[in-house]
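Beneath this line is the structure, given in C-alpha cells, with notes to follow.
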Number of protein chains: 2
Amino acid sequence: MPRFMDLHDGFGGVTQEQLKAAQAADWAIEGDEGVHFEHAWLDPEAGKVFCLSTGPSKEAVMRIHKRAGHPTAEIYELPIEVS
Amino acid sequence: MPRFMDLHDGFGGVTQEQLKAAQAADWAIEGDEGVHFEHAWLDPEAGKVFCLSTGPSKEAVMRIHKRAGHPTAEIYELPIEVS
C-alpha cells in the first residue's frame with residue numbers, strides 16, 4: 001500500500017488534545033477510503049502538521065482529511081524510505 | 001530529547017541506494033552533536049525528502065546535515081505527536 005506525507009498549516013498554538021481530536025476525526029472515517037493515518041507531528045510555533053498515512057491514492061487521503069474538516073493540497077507519495 | 005522534521009528539495013530521481021548513502025553520511029557524524037536521524041522518506045517525483053530526528057537543537061541537526069553534504073534551512077521542532 002502506498003505511503004504518504006501530507007502537510008497542514010494554520011495549527012499555531014494547537015494542543016496535544018486538539019491534535020488528538022483532529023486525528024480521531026480522520027480515524028472515524030478513514031476506512032471508507034481504505035486509508036490509515038499512522039502518525040501526526042505538530043510544530044505549534046510554526047503551526048505546521050505532518051501526517052504519515054497509507055492508502056490507495058493521494059486523492060483518497062485528501063478526501064478523508066477534507067471530510068474530517070482539515071483539507072490540505074500538499075501531499076507527497078513516499079515510495080522510498082530509510083531507517 | 002526534542003524531535004525534529006527537516007525537509008530537503010532537489011532529490012528528484014534519487015534511488016533507495018542513494019538515499020541510504022546520504023543517510024549513512026549523517027549517521028557517520030551525528031554523534032558529534034548528540035543528534036540521531038531516525039527515519040527518512042523520499043518522494044522521488046517531487047524531489048522532496050523528510051528527515052525525522054532527535055537532538056539537542058535545530059541548529060545541531062542542521063550542522064550535521066551541512067557537514068554531511070546536504071544542508072537545509074527548513075526544519076520544525078515537534079513537541080506534540082499522535083499515533
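Every number in this text was worked out from the coordinates using simple rules, so none of it is lab data. Here the structure is a predicted model, which is why all the values come from computation and not from measurement. Using ideal geometry, Cβ is built from the backbone for each residue, glycine included, and neighbour counts are taken over all protein chains shown.
Name the pairs whose Cβ atoms lie under 9 Å apart, with the first residue in segment B:70-83 and closer than 22 Å to A:A25 by Cβ and in contact (Cβ under 8 Å) with a residue 60 or more places away in the chain, the second part of a strand (DSSP E or B) and of a type in the set (F, W, Y), and 6 or more positions between them or separate chains?
Once the first residue is closer than 22 Å to A:A25 by Cβ and in contact (Cβ under 8 Å) with a residue 60 or more places away in the chain and sits in segment B:70-83, its partners that are part of a strand (DSSP E or B) and of a type in the set (F, W, Y) give B:L78/A:W41; B:L78/A:F50; B:L78/B:F4; B:E81/A:W41.
Inspect segment A:22-34 for any residue being assigned to a strand (DSSP E or B) and under 24 Å from A:I80 (Cα atoms) and give the result as yes or no.
Step one: of segment A:22-34, the residues assigned to a strand (DSSP E or B) are none.
No: segment A:22-34 contains no residue that is assigned to a strand (DSSP E or B) and under 24 Å from A:I80 (Cα atoms).
Collect the residues in segment B:11-38 that are of a type in the set (D, E, K, R), within 24 Å of A:E77 (Cβ to Cβ) and touching a helix residue (DSSP H, G or I) at 6+ places or on another chain (Cβ under 7 Å), keeping them in residue-number order.
Pass one, segment B:11-38, residues of a type in the set (D, E, K, R): B:17, B:20, B:26, B:30, B:32-33, B:38.
Now restrict to residues that are within 24 Å of A:E77 (Cβ to Cβ): B:17, B:20, B:26, B:38.
B:D26, the sole residue that qualifies.
Return the residues of segment A:17-45 that are loosely packed, with under 15 Cβ neighbours inside 10 Å, small (G, A, S) and within 27 Å of B:T54 (Cβ to Cβ); say none if nothing qualifies.
Answer for segment A:17-45, where residues must be loosely packed, with under 15 Cβ neighbours inside 10 Å, small (G, A, S) and within 27 Å of B:T54 (Cβ to Cβ): A:A21, A:A24.
Can you tell me which residue is nearest to the other protein chains (Cβ to nearest Cβ) among those in segment B:43-75 that are part of a strand (DSSP E or B) and over 11 Å from the mean Cα position of the chain (by Cα)?
B:D43
I want to confirm something. Restricting to segment B:48-67 and keeping residues that are farther than 19 Å from A:S53 by Cα and of a type in the set (G, A, S), which single residue is surrounded by the most Cβ atoms within 10 Å (Cβ to Cβ)? Can you show your working first?
Quick first cut of segment B:48-67, residues farther than 19 Å from A:S53 by Cα only: B:54-67.
So of that shortlist, the ones also of a type in the set (G, A, S) come out as B:55, B:57, B:60.
On the way: B:G55: 22, B:S57: 15, B:A60: 17.
Looking at the filtered set, the residue picked out is B:G55.
Can you name the number of the only condition in (1) within 26 Å of A:A40 (Cβ to Cβ); (2) more than 11 Å from every other protein chain (Cβ to nearest Cβ) that B:L19 fails?
For B:L19, the exception is condition (2).
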